[in-house]
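Before any comments, here is the structure.
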Amino acid sequence: MNSFARYSARLAMVIVGITVTTTTAAQDTSTLGQQISTLIFGEIDYREREDQGDDGFVVGQGVAQFNVRLDDRLSVFTEMTATARKDQNTKFQIERLFVRYDFSDQYKISAGRYHTPLGYWNSAFHHGSWLQTTVSRPETVKFGSNVIPVHFVGALLEGNIGDSDFGYKVGYGNGRSDKINAPGDIGDSNNSRAWMVAGHYRPPGRLGLHTGFSFYVDEINPEFEPEIDEQLFGAYLALEREAPEVVVEYTYANHESSLNEGKVSSIYGQVAYRLTGRADKFKPYIRAERLDVDDDDPLLGALGLDYKGVVAGTRWDFSPFAVLKAEIRHEEFGNTGSRNSFWLQLAFVFNPGSGSQPYVARAPQYRVASSR
Amino acid sequence: MKKLFVIFALTTMVFITRLGLAEDSAVAIVVHPNVQVSDLSTGQLRRIFLADQQFWPDKSRIVLLVRAPEADERKMVLDRIYEMNESQFRKYWIAKIFRAEVAALPKIVFSSNMAQELVTAIPGSITFIPSSEIDSSIKVLSIDGLLPDQPGYSLH
């Protein structure tokens, strides 16, 4: 069996397993009924890159997410991915897994593995390619990034501030492991916890305004390196709407060791605009990004992460649950020079538990006959 | 000329009929009888329907019931409360559940009758029904101090 077949078979097993679970849970008739909501995301990519091998079709990441409400206040959230790899071994990973208890709208406490709520993109789109307008994530927040700790293992307190449109998050956890782009899944490698605070403002309304900030502090012991203090600050402004959609996100990091000190700054801006009339299924977009890393930065200076890039493309929502994106990129990498590339992405989402209404949960235990 | 007159008369009748339906088609916001709330501001209503507020003041969980697509009252609620079209509404809830901001999606109801039966059966539930179809046993909320049959009610 080739790698694609193995990947497909394993992904199908995951989906079938979750579907069976969904069906079973939907028949639960406890007081409120345990409710499970499932989403499956997937993608097929095509790429042509200057001076690179392995172009052509790429089996993108498969994502299964399920949220289970165990009772009125206790919930479990899980996101799992299946990623095809060059070595023919599909990689399965639990990206997010946490248990949350909701005391109220103002206080929700959880523990587990998260996407670190740093800035906007990392906590807005997760692994759902269908959700994000573009093919790719910004370089700064791409999966496997060394710039920010994409994952976080620990505890999180979050909620609204009073009855306002302001919200907060306070986190405490393991931070980066000695492999700096991975979290401490099985304990804090240097026994020095990371902590973070974040705030946001998101009023309801057609403008779709969402703005916020985050601050993250950790002490890192990279492999074969001296101990490094890390402080990260992020701020963002987004208009979560279709015409126009706007995202601007800034990240600043300071790293300090006993030997030297360095700074990292990154900014990207993305604008998209849903066309109107007969072209309303099309949404052109453009994003510009810049990432600067001090050569003296003790954590990232030696990695050649400087980056400038512009991506432009169009998203075609040819189905309510599937999209085709075409994207061209011009990128300048600090360590490998510049590169142009062309990308196509077919991304989709579905809910195996609710027939043709993927966004609406069923409630069979309450179903009644209708006379109207 | 006679044909033109007939066409004009028919068009006017259709317009008046539609206007009449629109005048009568206020949407009432109804809740489970035990919900300790009788009035909501437009802002609070929006926060509840967007699931930015998921608990009633007495800390009980809000259960949102939403009418299936194509119903006129759904179109009005999407336009006036969510300020979204169907596509944006769908994407909103997929994002909401994927970001773990809600643990469960709204429950779908397929008729006004079903909405009334569920809203009286499920503690903490809230939904919307054409005001012409509610019966006296249903608890109707006022919005900004106004009930559906009062002038100035926002969901007409």
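Going by the structure shown, is A:PHE213 out of contact with any Cys (no Cβ under 6 Å at 6 or more places or on another chain), of a type in the set (A, V, I, L, M, F, W, C), farther than 30 Å from A:GLY269 by Cβ and surrounded by fewer than 20 Cβ atoms within 10 Å (Cβ to Cβ)?
It is false that A:PHE213 is out of contact with any Cys (no Cβ under 6 Å at 6 or more places or on another chain), of a type in the set (A, V, I, L, M, F, W, C), farther than 30 Å from A:GLY269 by Cβ and surrounded by fewer than 20 Cβ atoms within 10 Å (Cβ to Cβ).
Yes/no per residue for (1) under 23 Å from A:GLN231 (Cβ atoms); (2) more than 18 Å from the chain's Cα centre (by Cα):
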position	(1), (2)
A:LEU97	no, no
A:SER123	yes, no
A:ASN160	no, yes
A:ILE186	no, yes
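Residues that are surrounded by 17 or more Cβ atoms within 10 Å (Cβ to Cβ) and among the hydroxyl-bearing types (Ser, Thr, Tyr), at least 1 per element: which strands (runs of 3 or more DSSP E) completely within the range A:266-360 meet that?
Answer list for the range A:266-360: A:282-293, A:307-319, A:337-350.
Between A:PHE143, A:PHE152, A:PHE98, which is crowded, with 19+ Cβ neighbours inside 10 Å, over 16 Å from A:VAL247 (Cβ atoms) and more than 13 Å from chain B (Cβ to nearest Cβ)?
A:PHE152
Across the range A:62-78, what is the number of residues that are of a type in the set (Lys, Arg) and under 15 Å from the mean Cα position of the chain (by Cα)?
0
For a quick check of your reading of the model, give me the residue pairs whose first member lies in the range B:112-131 and is within 11 Å of chain A (Cβ to nearest Cβ), whose second is aromatic (Phe, Trp, Tyr) and surrounded by 24 or more Cβ atoms within 10 Å (Cβ to Cβ), with beta-carbon atoms closer than 9 Å and at least 6 apart or on different chains.
If the second residue must be aromatic (Phe, Trp, Tyr) and surrounded by 24 or more Cβ atoms within 10 Å (Cβ to Cβ), the pairs left are B:ALA115/B:PHE128.
Just to verify a result, which residue in the range A:72-84, among those that are touching a residue at least 40 places away in the same chain (Cβ under 8 Å) and outside any strand (DSSP E or B), is farthest from the other protein chains (Cβ to nearest Cβ)?
A:ALA84
Filter the range A:185-207 down to the residues that are surrounded by 19 or more Cβ atoms within 10 Å (Cβ to Cβ) and over 22 Å from A:ALA155 (Cβ atoms) and list them by number.
A:PRO204
For the range B:75-98, enumerate the residues that are charged (D, E, K, R) and surrounded by fewer than 19 Cβ atoms within 10 Å (Cβ to Cβ).
Of everything in the range B:75-98, those that are charged (D, E, K, R) and surrounded by fewer than 19 Cβ atoms within 10 Å (Cβ to Cβ) turn out to be B:LYS75, B:ASP79, B:ARG80, B:GLU83, B:GLU86, B:LYS96.
When the residues of the range A:35-49 are filtered to those that are out of contact with any helix residue (DSSP H, G or I) (no Cβ under 9 Å at 6 or more places or on another chain) and of a type outside the set (Phe, Trp, Tyr), which remaining residue is nearest to A:GLN132 (Cα to Cα)?
Step by step, filter the range A:35-49, then rank; the result is A:GLU43.
Readers should treat all values here as calculations from the given coordinates under stated rules, not as data from a laboratory. Remember, it's a predicted structure, so these values are computed and weren't measured experimentally. Backbone-built Cβ (ideal geometry, glycine too); neighbour counts: all protein chains shown.
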